[in-house]
Every structure is written in C-alpha cells, then in structure tokens.
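The values are calculated or read from the model by the stated rules, or taken from the named source; none is laboratory data. Since the model is a prediction, treat every value here as computed from it, not as a measurement. So basically every Cβ, Gly included, is an ideal-geometry build from the backbone, and we count neighbours across all protein chains shown. Calculation scope for accessible area: heavy atoms of the full protein, side chains included, ligands and nucleic acids excluded. Shrake-Rupley method; radii C 1.70, N 1.55, O 1.52, S 1.80 Å.
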Amino acid sequence: MKFVLKIGGSLLFDSEQKLNMDQFNRIADVIQQLKRENHELVLVVGGGVLAKKLVQKGKTLGANREALDQLGIAATWVCAQLMITALEPIAYPTPIMTEDQLICLKDTEKILVLGGLHPGQSTNAVAARVAEVIQAKILLNVTDVEGVYDRDPKQSPEAKLLTEITLTKLREVVSSLANEPGAYPLFDNRALDIIERAGIEIWFINGNPPQNMLQAVNNRKIGTRVIIS
Ligand code: UTP
C-alpha cells in the first residue's frame, strides 16, 4: 500500500513532557517492518509539546503569528531529524524542507521524512499535500487518541468514538475548534481542502501501541475512517 504516515507530536513525549527516545525506537521498528512488507510510505512528524513550548517562548518576546509558526516548524524539524536517526539507515538523512525537494526525491528507495513546510498550517496539512504530490490515496494519521469522537474525549469521559465519518462531518468538527500557532487541533482547514480536492481517505488511529499501525495498514478496521463525500 502507498500512503502517508503522519506521526502526531503528542506520541513522542513522555508524561514529563520530555522527548521519549524509547517511543521513537518503537515507532521506527514498526516503520522498518512496514518497509519489509513492501509498503511505500512518506513520513510526516509533528512537533508536539516542544512546538507548544517554543511558541509560548516566542509569545513572551512579542513574536508575530508567522514567527510563532516558524518556531513550531523548527520543533517539527527536531522531531523529524530524531526519527530519521532512529530509522537509520533506511531514511533519507535530513528532513525534506520544501515541496521541490519532495518532488525531486519522491522516487528514492529511502523513506522521506518531513516536519513543517511553511507558516499558517499544521503538519496535517503537510501530510495532506505530500499525499497529493506522491499520489497516495491514504493518509494514516497516528495520534494519542483512538480516533475522532463525537466530543472532546479529554474533557468528556462519555465521548463516543466514531468509526466512520464523512469529510463534511469532519469539517464541522474542525471548524468548531481554535486554529492558532502551536495548536491546530485534530486537523486544519487547509489540510481538509487538500484532502477533498485530491480524494484522499484519512484514517485516524491511536499510536499506542505503535503496532496499531501494522493492524491499520493490514486492513483491520481500527480507529476512525473519514470517507470522501
Ligand atoms: P504540528 O503539526 O506538530 O502542530 O506543528 P500540532 O497541531 O501541535 O500537532 P501535533 O500534535 O504535533 O500533531 C507544530 C506547529 O508548527 C507550526 C504551527 O504553528 C503548528 O502548530 N507549523 C507546522 C507551521 O506553521 N507550518 C507547518 O507546515 C507545520
């Protein structure tokens, strides 16, 4: 299967908000397994709490929105470079930082790893755009929750997991959430626009344990699938 794998930054930090290198290794092991099974994938890595902390620091300096986004992007590059190190030697040695670079390298045998690309979006929009460029029809979005709920599961314990939703419904959920540097929750509008025009399916799953990625790719229905409508 050809797909884009988006690893949410929330998976890469421990409960003390420190980078969790064991987790990087566990995720890298699964990606190596996917590669051995001949799946074709490009990886996009989020910046998690490091992005949020840098954005906070930038705010104390009075940074504008674009500068705050650049700080968030810097965090994603750190996480992307660490993931590349954990994947050694099967990943391209540095994060892909522009669309031109992606287009030039998309046929390489190495796994390409991206973080952020440009201000005003999240790495979900990067993942959507990468899927469009490489013509992948699936975006596997791996986070620290089981999928998309009918309300915020961190606030309401009675929130129900939706196993399948339409893109229209996802749009409704996303538009009810704030969109700002360091906090583009779930998905951003730019990402949804790309998903819609390119006809990409999004599968949301929990990355704990990372083996869930193998299950999803090998077609076990876990998490939430967003169907194009
Ligand atoms: P993330 O995609 O990591 O943000 O990018 P997130 O919403 O916190 O998602 P997860 O939890 O890590 O998956 C971190 C920040 O970097 C900036 C944004 O400010 C974003 O909130 N960013 C990222 C950009 O401005 N452009 C990009 O292409 C990517």
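Key figures
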item	result
Selection from Ile134, Val226, Leu54, by position along the positive dipole direction of the chain (Cβ)	Val226
Potential extension, Lys57-Ser176 segment - 0.36 nm per residue separation minus Cα distance	40.2 nm
J(HN,Hα) series, the stretch 35-47, from Karplus relation 6.51 cos²θ - 1.76 cosθ + 1.60, nearest Hz, glycine and proline x	5, 4, 7, 6, 6, 9, 9, 10, 9, 10, 10, x, x
Local electrostatic count, Glu146, Cβ distance below 14 Å [Lys/Arg +1, Asp/Glu -1]	+2
The stretch 1-69 shape via C-alpha gyration tensor axes, a/c threshold 1.5	oblate
Vicinal HN-Hα couplings computed from phi for the stretch 132-137 (Karplus, 6.51 cos²θ - 1.76 cosθ + 1.60; Hz; Gly/Pro x)	5, 5, 8, 6, 9, 9
Shape call, the stretch 48-188: gyration tensor on alpha carbons, a/c limit 1.5	oblate
Cleavage-rule hits, trypsin sites (Lys or Arg not before Pro), the stretch 1-103, DSSP coil, Cβ neighbours within 10 Å at most 15	Lys18
The chain, relative contact order [Cα under 8 Å, separation at least 6], %	23 percent
For the stretch 159-170, Karplus couplings with θ = phi - 60° (6.51, -1.76, 1.60), whole Hz, Gly/Pro x	4, 9, 6, 9, 7, 8, 9, 8, 4, 4, 5, 4
Stretchable slack from Asp152 to Gln211, in nm (0.36 nm times residue separation minus alpha-carbon distance)	18.8 nm
Neighbour-limited loop hits for chymotrypsin sites (Phe, Trp or Tyr not before Pro), the stretch 11-77 (at most 10 other Cβ within 10 Å; DSSP other than H, G, I, E, B)	none
Percent accessible area from carbon and sulfur atoms, the chain, protein chains only, probe 1.4 Å	51 percent
Reachable aspartates and glutamates, given that their alpha-carbon falls under 18 Å from the alpha-carbon of Lys6 and they are not under 8 places away in the same chain	Asp29, Glu40, Glu99, Glu132, Asp144, Glu146, Asp188, Asp193, Glu196, Glu201
Value of [θ]222 nm, deg cm²/dmol, for the chain, DSSP H segments ≥ 4, -39500 (n - 2.57) each, nearest 500	-13000 deg cm²/dmol
Proximal lysines to Lys2, defined as alpha-carbon separation beneath 28 angstrom and excluding residues fewer than eight positions away on the same chain	Lys35, Lys106, Lys110, Lys137, Lys169, Lys221
Amide proton proximity set for Val148, modelled H, under 5 Å, gap of 5+	Leu162, Thr224
FRET E, pair Thr108, Asp144, Förster distance 22 Å, beta-carbon r, rounded to 0.05	0.15
Inter-centroid distance (Cα atoms) of the stretch 111-168 relative to the stretch 54-77, Å	22 Å
Extension gain (nm, one decimal) between Ala67 and Asp22, 0.36 nm per residue minus Cα-Cα	13.1 nm
Residue-normalised accessible area of the chain, expressed per residue, 1.4 Å probe, Å²	47 Å²
